[in-house]
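Asker: I have a structure I would like to understand better, so I am pasting it below and will then ask my questions one at a time.
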């Protein structure tokens, strides 16, 4: 089965990366902790953050020295775009011994080269998987673009959290495990193991998802879909990030089993994270299910309306005999969700939507693709509904992006209390809000005089170039994928694809056992 054209994949990728490049958000404690570890490793060849401790309160302290309290995966990956930016743009090393700063030029390039780049790549993988499920190129492009622009992935693609890099690693691992390419099986399985382990080296709380992926591979081996040595290839790939984490812990804290969570310098975090319970997890609180699923505060379905299609989508996957993909995507989603239910700081602090649920977003887009791929009289209606939901989500995410992408966790209705008043210039913005009305954008950097001269009530016009550019890119993508959507028929049905593959395997087995059977079989592709 041919995949989507490279031009369509490039269009989705560039539309998303260009959208993320428009924003340059200020630092916060969480992002700064990862960024300064990147600068320490790249500028001074050390994991010690002495001289940078004033940049954040989210930091570890041991033996009179300062270290990052986060796992080091994100910071290690970020050294690549940072060194490229320093080499091409001549950026100076990060200064030592200074008070906290809101902006540093390297922050922009590091964030775009990690969170932004890998969010766009995850969207392309979603496009490819949607096509494999039976989506047309236009439907697949909608899945990828909706993930990248109409869910909180849009916001966190412009921030130096580890969520988007983690989401790419986990989803990339699932994609490689789901796709079967016997000619390069060892390579793909090794890459899947490396990605899965790397996700846990970026954010420890996704370890349950890694377990789900490992169990998925085990089931494939037990069912005969893969050879037993597949587990060995997967494990060998997982060794690389695991050894890096153990080596980092040894270098920074004197023991491979020690980590920054055990040595928080800020009492607020030290009360949650400790040696006995690094993530501070407790028994899941069922009372948080509602607030995390709907509602303006932290409701996933409020901040990503497209995900309303996920529940019927999982049913479609099951009914179309994509049981494995249905179960593993649902299990990965639940694993992330249950961890959030078990975390004392479940709101995620200053953020947009349910920040700690961001790694599950690619998995919840799989059933959305299944809904769109389902052939029949409702296919066009499903596509139009998905376009409407994605448009609503994209508008909502742009509103939050425009005012800094993070609102306080103790405001129950951030859209009405903070975001909308800032956009409209209302005087009802709370007095404690000390930030600028709008976030820093590339228009404020490249056309500073024009933006500065805009009246305060019209400052929102600086986002018009972004909106017009996105609309032009979407129009071009729609033109590129203007092939008619299927109304009915088996061509786009994932169930028929699965049945056909099974029939082909059964016929191959019969031919191996009885060569004469092939000569008596009559089919559409057989000779006279």
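Asker: Go through 416-422, 394-400 and give me the packing order, highest mean Cβ count within 10 Å leading.
Answerer: 394-400, 416-422
Asker: Moving to a separate point now. Once both labels are modelled 7 Å past Cα along the beta-carbon direction, what's the residue 46-residue 83 spacing in nm?
Answerer: That separation, rounded to one decimal, is 1.9 nm.
Asker: Going by alpha carbons, how many degrees (0 to 90, nearest 10) lie between the helix axis of 163-178 and the longest principal axis of the chain?
Answerer: Roughly 10 degrees between the two axes.
Asker: Moving to a separate point now. Quick one: if the Förster radius is 60 Å, what FRET efficiency do residue 413 and residue 179 give, using the C-beta to C-beta distance and rounding to 0.05?
Answerer: Numbers: r = 43 Å, r/R0 = 0.72.
Plugging the Cβ-Cβ distance into 1/(1 + (r/R0)^6) gives 0.90.
Asker: Hey, another quick one. As I understand it, the value is the acute angle between the Cα axis of helix 310-319 and the longest principal axis of the Cα atoms of the chain; what does it come to in degrees, rounded to 10?
Answerer: 20
Asker: How large is log10 I(q)/I(0) at q = 0.09, 0.10, 0.11 Å⁻¹ when the Debye formula is applied to the Cα atoms of the chain, each weighted equally and without solvent?
Answerer: -0.67, -0.83, -1.00
Asker: Given an 8 Å cut-off on Cα distances and at least 6 residues of separation, report the relative contact order of the chain as a percent.
Answerer: 18
Asker: Would you mind classifying segment 18-61 by shape? Square roots of the alpha carbon gyration tensor eigenvalues, ordered a ≥ b ≥ c; an a/c under 1.5 is rounded, otherwise it is prolate if a/b is larger than b/c and oblate if not.
Answerer: Because a/c hits 1.5 or more and a/b fails to exceed b/c, segment 18-61 counts as oblate.
Asker: Summing -39500 (n - 2.57) over the DSSP H runs of n ≥ 4 in the chain and dividing by its residue number, what mean residue ellipticity at 222 nm do you reach, to the nearest 500 deg cm²/dmol?
Answerer: Using -39500 (n - 2.57) per qualifying helix, the result is -18000 deg cm²/dmol.
Asker: Subtract the Cα-Cα distance of residue 391 and residue 267 from 0.36 nm times their separation in residues, and report this length gain in nm to one decimal.
Answerer: So the chain would gain 40.4 nm between residue 391 and residue 267.
Asker: Pulled fully out, how much extra length does the chain show between residue 321 and residue 96, if you take 0.36 nm times their separation in residues and subtract their Cα-Cα distance? It would help to have the intermediate numbers written out before the result.
Answerer: Numbers: separation 225, 0.36 × 225 = 81.00 nm, distance 5.80 nm.
Result for the pair: 75.2 nm of gain on full extension.
Asker: Continuing with this model, one more query. Run the paramagnetic zone check for residue 436: 7 angstrom along Cα to Cβ, then residues of segment 10-49 with backbone nitrogen under 20 Å.
Answerer: Within reach of a label on residue 436, which here means backbone N under 20 Å from a point 7 Å along Cα→Cβ, segment 10-49 contributes 19-32.
Asker: I need the shape label for segment 149-197. Rule: rounded when a/c is under 1.5, else prolate if a/b > b/c, else oblate, with a, b, c from the alpha carbon gyration tensor.
Answerer: The shape class here is prolate.
Asker: Specify the inter-centroid distance of segment 127-142 and segment 49-117, based on alpha-carbon positions, in whole Å.
Answerer: Taking the Cα centre of segment 49-117 as reference, the centre of segment 127-142 is 37 Å away.
Asker: Turning to a different aspect of this structure: What nm distance separates the two modelled labels at residue 378 and residue 311, each placed 7 Å from Cα along Cα→Cβ?
Answerer: My value for the distance between the label points is 1.4 nm.
Asker: Which residues in segment 6-37 have a backbone N closer than 20 Å to a point placed 7 Å from the Cα of residue 449 along the Cα-to-Cβ line?
Answerer: Flagged as within label range: none.
Asker: Can you tell me the length gained on complete extension of the stretch residue 218 to residue 62, counting 0.36 nm per residue apart and subtracting the Cα distance? Display every interim value, and only then the final one.
Answerer: Details: separation 156, 0.36 × 156 = 56.16 nm, distance 4.05 nm.
Using 0.36 nm per residue and subtracting the Cα-Cα distance, I get 52.1 nm.
Asker: How big, on average over all directions, is the shadow cast by the Cα convex hull of segment 120-212, in nm²?
Answerer: It is 6.4 nm².
Asker: Relative contact order for segment 33-151: what percent, with Cα pairs under 8 Å and sequence separation of 6 or more?
Answerer: 22
Asker: So, in Å, what gap is there between the alpha-carbon centers of segment 315-377 and segment 271-289?
Answerer: 22
Asker: Let me ask something else about it. Calculate how steeply helix 361-373 sits against the longest principal axis of the alpha-carbon atoms of the chain, using the helix alpha-carbon long axis, and give the answer as 0 to 90 degrees to the nearest 10.
Answerer: Here the helix axis deviates by roughly 40 degrees.
Asker: While we're on this one: Which of the three applies to segment 235-336, rounded, prolate or oblate, going by the alpha-carbon gyration tensor with a ≥ b ≥ c and a/c under 1.5 meaning rounded? Walk me through the numbers on the way to the answer.
Answerer: Numbers: a/c = 3.28, a/b = 1.53, b/c = 2.14.
Cα axes put segment 235-336 in the oblate bin.
Taken together, the values in this text are just the output of simple stated rules run on the coordinates, not laboratory data. The structure displayed is predicted, hence computed values, not measured ones. Don't worry about glycine lacking a Cβ; one is built from the backbone with ideal geometry, like all the others, and counts go over all protein chains shown.
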